[in-house]
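Report on one structure; see the data block that follows.
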Protein chains: 4
Amino acid sequence: MKALVYEGPGRRSWKDVPDPVIQQPTDVLVRMIATTICGTDLHILHGDVPEVAPGRVLGHEGIGEITSVGTAVTELAVGDRVILSCVSACGRCANCRSGLPSHCSNPEGMPGIGWIFGYMIDGTQAEQVRVPFAENSVYKLPAGMTEAEGILLSDILPTGFEIGVQYGRVHPGDVVAVVGSGPVGLAAVMTARLYGPSKIVAVDLDPARLARAREFGATATVDSRDPDWKAQVLALTDGAGVDVAIEAVGLPVTFAMAVELVRPGGRVANVGVHGKPVELALNELWIRNITISMGLVNTNTLGMLMKLVATHVLPVDGFVTHTFDFDQVAEAYDVFEHAAEHDALKVLIHRT
Amino acid sequence: MKALVYEGPGRRSWKDVPDPVIQQPTDVLVRMIATTICGTDLHILHGDVPEVAPGRVLGHEGIGEITSVGTAVTELAVGDRVILSCVSACGRCANCRSGLPSHCSNPEGMPGIGWIFGYMIDGTQAEQVRVPFAENSVYKLPAGMTEAEGILLSDILPTGFEIGVQYGRVHPGDVVAVVGSGPVGLAAVMTARLYGPSKIVAVDLDPARLARAREFGATATVDSRDPDWKAQVLALTDGAGVDVAIEAVGLPVTFAMAVELVRPGGRVANVGVHGKPVELALNELWIRNITISMGLVNTNTLGMLMKLVATHVLPVDGFVTHTFDFDQVAEAYDVFEHAAEHDALKVLIHRT
Amino acid sequence: MKALVYEGPGRRSWKDVPDPVIQQPTDVLVRMIATTICGTDLHILHGDVPEVAPGRVLGHEGIGEITSVGTAVTELAVGDRVILSCVSACGRCANCRSGLPSHCSNPEGMPGIGWIFGYMIDGTQAEQVRVPFAENSVYKLPAGMTEAEGILLSDILPTGFEIGVQYGRVHPGDVVAVVGSGPVGLAAVMTARLYGPSKIVAVDLDPARLARAREFGATATVDSRDPDWKAQVLALTDGAGVDVAIEAVGLPVTFAMAVELVRPGGRVANVGVHGKPVELALNELWIRNITISMGLVNTNTLGMLMKLVATHVLPVDGFVTHTFDFDQVAEAYDVFEHAAEHDALKVLIHRT
Amino acid sequence: MKALVYEGPGRRSWKDVPDPVIQQPTDVLVRMIATTICGTDLHILHGDVPEVAPGRVLGHEGIGEITSVGTAVTELAVGDRVILSCVSACGRCANCRSGLPSHCSNPEGMPGIGWIFGYMIDGTQAEQVRVPFAENSVYKLPAGMTEAEGILLSDILPTGFEIGVQYGRVHPGDVVAVVGSGPVGLAAVMTARLYGPSKIVAVDLDPARLARAREFGATATVDSRDPDWKAQVLALTDGAGVDVAIEAVGLPVTFAMAVELVRPGGRVANVGVHGKPVELALNELWIRNITISMGLVNTNTLGMLMKLVATHVLPVDGFVTHTFDFDQVAEAYDVFEHAAEHDALKVLIHRT
């Protein structure tokens, strides 16, 4: 089969590799229908994730059709069309059973992380994929759901919802600020509505992204290049700050912005992937009764979000901005790497 | 009356000041029976809290007897013996009504902090005290409760429980580490038992304090001067870390220890009062699904803890190590400032 | 002033009564702008509530303008326009402080129920009202909010939300059934959306009410006169039942319907006011892991819902179907008592 | 092998049956070390559970040693000593994944109930047992744990804790009443302490059981034959009722007692298995803000409780009162059926 292979820092190629095979009774094989690219794939490609060895097939998102099932698989069958979770959950370990499959201590020799596709095992930017622990890690695609909808459920919608909205404990009536209007920030903007906030304020430095944030459900936007950006946000509250501040960038400055915005008793939910430590002014914050959360998605809500996408409670049509064939994966990467230039959000790469 | 007056950095005196008077219909006046000293009093005395002007009567903990009630007070009467909460709750503002009286936006010209005794208004290290918002800020002392028990309910027991144990979301079966075995750390150790942990590990650098931690309910102790202190704690878990790490010191190094100890999915509850920012390694932590909390006590649980002290479910006899008369308040401060030397925890200062 | 006085079973009159006066320092007097009628008023009028003595002014909902404040009132002023909660909360008793003002054990000689207007003290269907515990029991009307919006916040919206939606623990993705599409059922339908359900199914025997339920947010409706009504509801689920069934009628048959509809692990939230006991088939239900809740509204969410009405997140325009002057209160009662005939929901009675 | 076979209403025999075999890749076979008898076994034996066909091996509790593993089993090995959960969890279905394995919709042709041992498939009162979904349904016995400790974890301790204490939402400081001091009532009494109640009141009509309840952790006992039993319980509260009332009998009268005892805002947790419907006085209760829960155990807390038994936080030595060999199973049933006469709680039946 063909697959996108990491060849070392900065190098990738769409090339022939051996077909995957069933290795465990709980595996299934999937013929990929569509995949997409995540910011993490870029980090790996840039060599920032040394655990990933050259030769690894990239990608951890996708939908596909089952072509083979292991002997212990009873609830899935050849021909089922499924969404692959970016997290592989054994379903048996203490972490999986306590709702933390992001830290699944699974038996495939992994370092206690449920995210293994395109990282510790071959990933989804390929014609075929072996899916371990399939019955706990894939979801049947509802009839009528499009590729462009299904692909969002592998990672980005659950990440924005679980790590942003749920960890941030959004409650009805809350004012929520989302710092960063890239794909995951927009996923948080859109899914925040599931807890009935009174206002969702998108903060970004790119007017085009802010315009899009409004389409995705933001009730107000603030340009962070404005010197009074903070005052603009506070003016949307009672003056004390927002109830929940979601960080969806991954930089010290945006993390600091989120902390600055939150009211006493509020929550800062970090979704961004950070490359550097941050300073936390505990000397000022210890008295403010705030909570700071962070984490890798568990995709525990994938099935639930799938229902809301299927019934269009969540109108996710705007996420996929560009579509490519598998053979155009290089071009897809180029567009995604220069997203601002192409006004790109998510790129869909699919079988033709 | 006599009171302990802050005279500027490093200077205090027990001297005559005017008697307090009822200022608002919701006030009561209290003749103090007993008070105590908190680490925060020392910070103020050292001039670290510039909001406190010379002339302020210090102290925010205490029990006393009501000598006068405002015209709006219906549930309290002259002669009632009461515990004073360190937090004055108006009971009407949005923060009070949402369970956050620590950030009461009350009408006494305060900066949105419920703690005002010995800070924004005259405090409890005095023969008499004016208590604002009395019906939301005092609790009737149960029959049979001693001074040494009641005094702990003003601040230290609720602080350890609310900010350490509840914010840390201790669950049955959890392994809890408490970094720091001073008074508030021991309050966390003792009250952690209210959520049925399997193990409570006290971490400190003072063997005498660790011995005391065992008396207060720690099931294991680790001397943080040992190079392998971390390994010792992890050996008490499944290897992945503790479920809850409570920081009860207030230094960057102890905060870092708490963060290091916590397992994926775990909680770090900061109770310590910090004087400096800390570094937070978000580059490593973003993926670990931990939560970091902090805050000023609300004393929402004061009444509940009072019941548990009264029924000896919480055996708090060991907290008060030294007792003084009001006239010996200078000596009490000396002992408390050199607590290690005197093997002191809480000092009781009372009317004779 | 004029007020609607209960004269004994079946008899009421709009007549002159003495003006109310401030009785406690925490009271305010309010000149009523608008009030409305609740099903409970009809029960009282029919003599079903023997605690209500003849001479009592009826009504527990309303908005008005403050004309006088007690000496302990600091946050409200003459001229403030306010929404009156149907629940009078002293804000000091253990129940109020634990979020249960519906069972406020307040000091006005009441039987431990926070609802006292038009029941234990004179109510709101009057030109003027004395409001006890005003600072914990009224909310300033936001600029721009109409009478027809504000009036809903006294009781019906918080009741549908707190006792139906929150006690029923609606979660994102849930299928919610609401049995009964009268005013309170519609309040539950509308506010259920604040927790992101995938489907809201209204069940009623009146097609006109079902049509209205769709306007208020129901995504499906089922006519309970159809023999296969239950199958119709289950067809909207995975077959196992709804996640949450809200009973908003108050009859044994509708309660039984709600219990029948709920899935294992689901919640039955009773909102209806019942006049008879019901049978609970514990012999079949003990194994089904369901929860049954019930209660009087606390109006803890009144302020929050007010924000959502003000920002039109909750579009409540459809609730008030008829408007009357105070002098037409008799006519208003006639319409409300024969609601189906008049296609009436809530009737607004206001000062002209 | 030998096993206890249900031969039709009132008839059982310890006799030779075919050895079990691995049927699914996720199965293990277990050589039983110990089992016990539950009240449900008696119901089945009396013919009250018509789904159970003659020929069925009884029993759903036990510990044993693994003798064979299916091809998909990776975390368990021959020789492992394990505790069997009474609930068989596939770990994959929506109910299992949402924490409700009690309603596992598993693929063994069962009616959507996780409890299948001794009911839909052959059970644990046998020399050998086939365990389906083994990796989600057994727990490795900790070193040093006795048979008499381990056997309690299959059902009774998790049932008392999950369905009584957790569903009843016991909080620190609560007053908890447990109606019925049989084995499951005592399990609730003992595990209630994990949430720090101020008082645990055992209510029963048998003084011997009440004496035992004190040994298991009840802080007070009330003989329900006393005409003023209710007043005695209320005297242990502030007069308004208990916070949590746990029903652990399964009769209309005891359910009514639990409902009578609970305070406004409180919770009734039904643990008893009922044979008849009950009357629920919704006409009085609708206004009381109580919650009524019920259900089959999920054993989600089995692993957690195992840690607390292993560390003796839960001192469960008193539960097993009688011990028998497998060959004495008939005698064990006789003792358990006449428990009061023999002062019996749990009977241990083990391999010799």
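Mind checking segment D:194-273 for trypsin sites (Lys or Arg not before Pro) that DSSP puts in a loop (not H, G, I, E or B) and that have at most 13 other Cβ atoms within 10 Å?
D:Arg225
What is the sum of charges, Lys and Arg at +1 and Asp and Glu at -1, for the other residues whose Cβ falls under 14 Å from the Cβ of A:Ser198?
+2
Once phi is turned into ³J(HN,Hα) by the Karplus curve 6.51 cos²θ - 1.76 cosθ + 1.60 with θ = phi - 60°, what whole-Hz value does each residue of segment B:324-335 show in order, with x for glycine and proline?
For segment B:324-335, the Karplus-derived couplings read 9, 7, 3, 5, 9, 4, 5, 5, 4, 4, 4, 5 Hz, x marking Gly and Pro.
Could you work out the local net charge near B:Gly275, counting Lys and Arg as +1, Asp and Glu as -1, over the other residues with Cβ closer than 11 Å to its Cβ?
Neighbour charge sum, excluding B:Gly275 itself: -1.
So what's the back-of-envelope 222 nm ellipticity for chain A, counting only DSSP H runs of four-plus at -39500 (n - 2.57) apiece and dividing by all residues, rounded to 500?
Using -39500 (n - 2.57) per qualifying helix, the result is -5500 deg cm²/dmol.
Which angle from 0 to 90°, rounded to the nearest 10, does the C-alpha axis of helix D:183-192 make with the longest principal axis of chain D?
Approximately 70 degrees, to the nearest 10.
Please work out the FRET efficiency for the pair A:Thr146 and B:Glu65, using the Cβ-Cβ distance as r and a Förster radius of 51 Å; give the result to the nearest 0.05.
0.10
Determine the principal axes of the Cα atoms in chain C, then give the extent along each, sorted from largest to smallest and rounded to whole angstroms.
59, 43, 40
Check A:Ile33: other-chain or 5+ apart residues with amide H under 5 Å from its amide H, H built from backbone geometry?
A:Ile63, A:Gly64, A:Glu65
Averaged across the residues of D:254-262, what count of C-beta atoms belonging to other chains lies within 10 Å of each residue's C-beta?
The shielding value for this peptide is 0.
Given a 1.4 angstrom probe, what's the average accessible area per residue across the protein assembly as shown, in square angstrom?
Dividing the accessible area of the protein assembly as shown by its residue count gives 33 Å².
May I ask for the net charge around B:Asp155, where only other residues with Cβ less than 13 Å from the Cβ of B:Asp155 are counted and Lys, Arg are +1 while Asp, Glu are -1?
Neighbour charge sum, excluding B:Asp155 itself: -2.
I'd like the projected area of the protein assembly as shown, averaged over all directions, using the convex hull of its alpha carbons. Report it in nm² with one decimal.
50.9
What average number of partner chain Cβ atoms lie no more than 10 Å from the Cβ of the residues making up C:269-281?
Counting Cβ atoms of other protein chains within 10 Å of each residue's Cβ and averaging gives 5.
Evaluate the relative contact order of segment D:157-294 (contact order divided by residue number), counting alpha-carbon pairs under 8 angstrom at least 6 apart; express in whole percent.
26
On a C-alpha basis, how far is the centre of segment B:223-247 from the centre of segment A:284-352 in Å? Whole number, if you could?
37
By accessible area of protein heavy atoms, probe 1.4 Å, what ranking do C:Ser13, C:Ser181, C:Ser98 get, highest first?
Ranking C:Ser13, C:Ser181, C:Ser98 by accessible area, largest first, yields C:Ser98, C:Ser13, C:Ser181.
Hey, with R₀ at 22 Å, roughly what FRET efficiency would B:Ala235 and A:Glu51 work out to, going by the Cβ-Cβ distance, to 0.05?
With R0 = 22 Å, the Cβ-Cβ based efficiency is 0.25.
I need the inter-copy label distances for B:His46: point set 7 Å along Cα to C-beta, values in nm with one decimal, smallest first.
4.3, 7.1, 7.1
Amide H neighbours of A:Trp14 under 5 Å, counting only residues 5+ apart in sequence or on other chains, H built in-plane at 1.01 Å?
Here A:Val5 satisfy the definition.
Over the heavy atoms of A:Asp223, what accessible area does a 1.4 Å probe trace out, to the nearest 10 Å²?
Its accessible surface works out to 30 Å², give or take rounding.
Between the label point of C:Thr352 and that of the same position in each other copy, find the distances and list them shortest first in nm, with every label point placed 7 Å from Cα along the Cα-to-C-beta direction.
7.4, 7.9, 9.7
Would you mind listing how long segment C:114-261 runs along its three principal axes, going by Cα atoms, in whole Å with the largest first?
If we take the Cα atoms of segment C:114-261, the spans are 52, 30, 26 Å.
For chain A, give me the percentage of DSSP beta bridges that are antiparallel, rounded to the nearest 5 percent.
Just about 50 percent of them are antiparallel.
Could you name the residue in chain C with the C-beta closest to the rotation axis that superposes chain C on chain B, along with the separation in whole Å?
C:Ala72, 2
Using DSSP, restrict attention to beta bridges with both residues in segment D:157-294 and report what percent are antiparallel, rounded to the nearest 5.
0
Go ahead and run the numbers for FRET between D:Glu284 and D:Asp19, Cβ-Cβ distance against an R0 of 60 Å, rounding to 0.05.
It comes to 0.55.
Please report the antiparallel percentage of DSSP beta bridges with both residues in the protein assembly as shown, rounded to the nearest 5.
The antiparallel proportion sits near 55 percent.
Skipping prolines and chain starts, which residues have an amide H placed within reach, meaning under 5 Å, of the one on D:Ile200, given they are 5 or more residues away or on another chain?
Counting only residues 5 or more places away or on other chains, the set is D:Val176, D:Thr219, D:Ala220.
Hey, for C:Pro227 with labels 7 Å out along Cα-Cβ, what do the inter-copy distances come to in nm, ordered shortest first?
So the distances to the same position in the other copies read 5.5, 7.8, 8.4 nm.
A:Arg31 versus A:His342, label points 7 Å from Cα toward the beta carbon: distance in nm?
That separation, rounded to one decimal, is 2.7 nm.
Of all trypsin sites (Lys or Arg not before Pro) in segment B:5-52, which ones are in loop regions per DSSP and have a Cβ with at most 15 other Cβ atoms within 10 Å?
Filter output for segment B:5-52: B:Arg11.
Explain nothing, just compute: Karplus ³J(HN,Hα) = 6.51 cos²θ - 1.76 cosθ + 1.60, θ = phi - 60°, for every residue of segment B:302-314 in order, whole Hz, x for Gly and Pro.
Once rounded to whole Hz, the list reads 4, x, 5, 5, 4, 5, 6, 6, 4, 8, 6, 4, 9.
Per residue of C:239-246, how many C-beta atoms from partner chains lie within 10 Å of its own C-beta, taken as a mean?
Average per residue, whole number: 1.
Once phi is turned into ³J(HN,Hα) by the Karplus curve 6.51 cos²θ - 1.76 cosθ + 1.60 with θ = phi - 60°, what whole-Hz value does each residue of segment D:134-149 show in order, with x for glycine and proline?
Here the 3J(HN,Hα) series is 4, 5, 9, 10, 10, 9, 5, 5, x, 4, x, 7, 7, 4, 5, 7 Hz.
Report, to the nearest whole %, how much of the accessible area of segment B:157-294 belongs to carbon and sulfur atoms, 1.4 Å probe, protein only.
54
The values are calculated or read from the model by the stated rules, or taken from the named source; none is laboratory data. Since we're looking at a predicted model, the values are computed, not measured. Quick reminder, even Gly has a Cβ in these numbers, built from the backbone with ideal geometry, and neighbours come from all protein chains shown. For accessibility, only protein heavy atoms count, side chains too; no ligands or nucleic acids. Shrake-Rupley method; radii C 1.70, N 1.55, O 1.52, S 1.80 Å.
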